[in-house]
1. State whether segment 333-402 is rounded, prolate or oblate according to the following rule on the C-alpha gyration tensor (a ≥ b ≥ c being the square roots of its eigenvalues): a/c under 1.5 gives rounded; otherwise a/b larger than b/c gives prolate, and the remaining case gives oblate.
2. Quickly rank 390-396, 164-170, 185-191, 311-317 as a protection proxy: mean count of other C-beta atoms within 10 Å, highest first.
3. May I ask you to order 370-380, 146-156 by the average number of other C-beta atoms within 10 Å around their residues, highest value first?
4. Is any helix in the chain, taking whole DSSP H runs, at least 27 angstrom long along its axis by alpha carbon and on average at least -1.0 on the Kyte-Doolittle scale, and which ones?
5. Cα-based Rg (one decimal) and Dmax (whole number) for segment 358-501, in Å?
6. Shape verdict for segment 46-120, please, from the Cα gyration tensor: rounded (a/c under 1.5), prolate (a/b greater than b/c) or oblate.
7. Once you've got the Cα coordinates, tell me which of 280/336; 280/378; 193/322; 140/361; 552/633 are over 21 Å apart.
8. Classify segment 559-621 from the C-alpha gyration tensor, please: rounded if a/c falls under 1.5, else prolate or oblate depending on whether a/b exceeds b/c.
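Here, each number is a calculation from the coordinates, and none is a lab measurement. In this text, all values refer to a predicted model and were calculated from it rather than measured experimentally. Cβ: placed from backbone, ideal geometry, glycine included. Neighbour counts: every protein chain shown.
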Amino acid sequence: MKQTTSFLLPLLGLALLSETAAAQTAAKPYSQRMADAFISWNPDSIVIGEAKASRWNYEQGLMYTALERVWERTGDARYYTYIQKDLNRFVQKDGSIRTYRADEFQLDHITPGRGLLLLSQLGSVPDQDKYIKAAQLLRKQLDTQPRTKEGGFWHKKIYPNQMWLDGLYMAEPFYAEYSRVFNQPAGFDDIAKQFALIEKNLVDPKTGLLYHGWDESKEQPWANKTTGQSPSFWDRAIGWYGMALVDVLDYFPANHPQRPALIKDLQRLAPVLAKYQDPKTGTWSLVMGQEGRKGNYAEASGSSMFVYALAKGVRLGYLDKKYAAVAKKGYDGILKTFVATETNGALAFNGTVSVGGLGGKPYRDGTFDYYLTEKLRKNDYKGVGPFILASTEMEIAAEDALGQGKTVGLDYFFNHEMRKSPLSGEQEQWHYTWEERQHGGFWLWGNQFRELGAKTVAVPAAPTTASLKSLSIYIIVDPDSRKESPKPNYIQPADSKIITEWVRGGGTLVLLANDTANCEIKHFNELAKNFGVQFTDQSVNMVQGSQFEQGKVDLTSGKAVFKNASTAYVKELSVLSVAAPAQPLVTNNGKIIMATARLGKGKVFLLGDPWLYNEYTDGRKIPASFQNFQAGKDLATWLLGK
């Protein structure tokens, strides 16, 4: 018996380890679990369907976007690294793209460009110029893309005179982001035209559904000889369109005259999607408008796309909040109908139709019977990608009540460094701004606030009682010295008085300095002293090269704020001197690193370093043992709380 017991102990240990790993996997959100499963299927590169070799393809572009969103939600650089690694298999040093042919004029080949734009904007990306050139190459295709007489992009050169719903997702989000990044505002007029032409030519006035395709020439056998429209309403085509709308609006200027029209298009579509949702399962059928017809079935990719578009539309205020219930019902139906767990604990995704098209060889006539002939495929990326995107939105919806109705303002006046944009060539403000995705920006921390339900805004002028009234949180970071700005805006006594009274009345203030060599401390301290804090001239955590342990900060003394993060990386910070009403929050080695203060109805957080900029939150530089990303979310949660 002793021999048997000793033999079983290692097996029991392995079983317990397996159970622990499975439990840890199950604890992750669905977006991350499905992203991890996808990477496990394709550890080295993205191979589409049954292809033997990878090619530049819209499905990989879809997965780039899905993995980017998971990276933004987790700060786990594995997802970024995967995108970069896959792009490097295609993008050559001169910016050319392996297997891409511009002369084919396929809108499908524009989609992976969103990954190129991501790498074009980040800091410390090796050979970054090649991604910029590759993005410019794709943008050049749109300049010469064949068009209908009214200016609509042909879907492909081999499909003359045709606009397909698919094409709106394939090209327009890239086109919109490119137009913003490279400061080419004329692009937005063209983008708006593409959507307007779809609404004009593909919407069925009786049902509100959209036909899959439209042939301007009316010559295709599948085209209605009067309208040029294809015969059926294919769910994934409509899904592509819905996703295109909500993604394009991320980049469309707030003051563009056609922005309201795009929102109106989404608002027109939402009740149609609600109408055709299966009341029992919450899913949507492959061929919409014929739900009860024999052979029709619930389809996974379109259902996921609809959930994503509706949930994101509600979150960003484009749609009435009642559509959140439609999205929630749809998502619950997706989890029940299509999501499975494999024996190893990894997720699988069923129920995605492999393809759907019009014309070609063999000829696809766009009828109900045609769509039913296409095979279903397990773990098809056209379903997996939208499911990940839908999951991110539902995960945000579960936690964004905290910031609803609150506005987080970031000072752009006392910190006002200017430079020539490396992409657009225009003068721009940089360093600790919401917009900047390079190392020194606050894009990622701002995104955490936004995904907690708050609105982020810039505060470009000196604070006034009126301007602070609209803010729930006011953040001032690293005020300029003369070294940083030829005419710095110093904090004046009147500014300090206005800010202090705003805090006393219930405002939440964040003061992030820097070590004294890199920050205007004198005037900043005049404000900080009103809350019992001084930024001293003593700097600690002076990190040598990549010896990251020298920047370690133990957060465990600050559990009042940092509920989840226990270790952070903060380098070259100014030690705090603290007196009432302030209290130390985080103390390391006898030095006060962070402090908080209560004054009247308001509260203040203070730290002698900008700390939460992208370089130290996106996971690409510092070791994973440091929890800056989670600490940023913990701090945002505390700031937004009562």
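1. Because a/c hits 1.5 or more and a/b exceeds b/c, segment 333-402 counts as prolate.
2. So the order, starting with the most tightly packed, is 164-170, 390-396, 311-317, 185-191.
3. Put in order of decreasing packing, that is 146-156, 370-380.
4. Qualifying helices, which must be both long enough and hydrophobic enough, are 2-27.
5. Every Cα atom of segment 358-501 included, Rg and Dmax give 23.9, 77 Å.
6. Numbers: a/c = 1.80, a/b = 1.55, b/c = 1.17.
Prolate, because a/c is 1.5 or more and a/b exceeds b/c.
7. In this structure, 280/378; 193/322; 140/361 lie more than 21 Å apart at Cα.
8. The shape class here is prolate.
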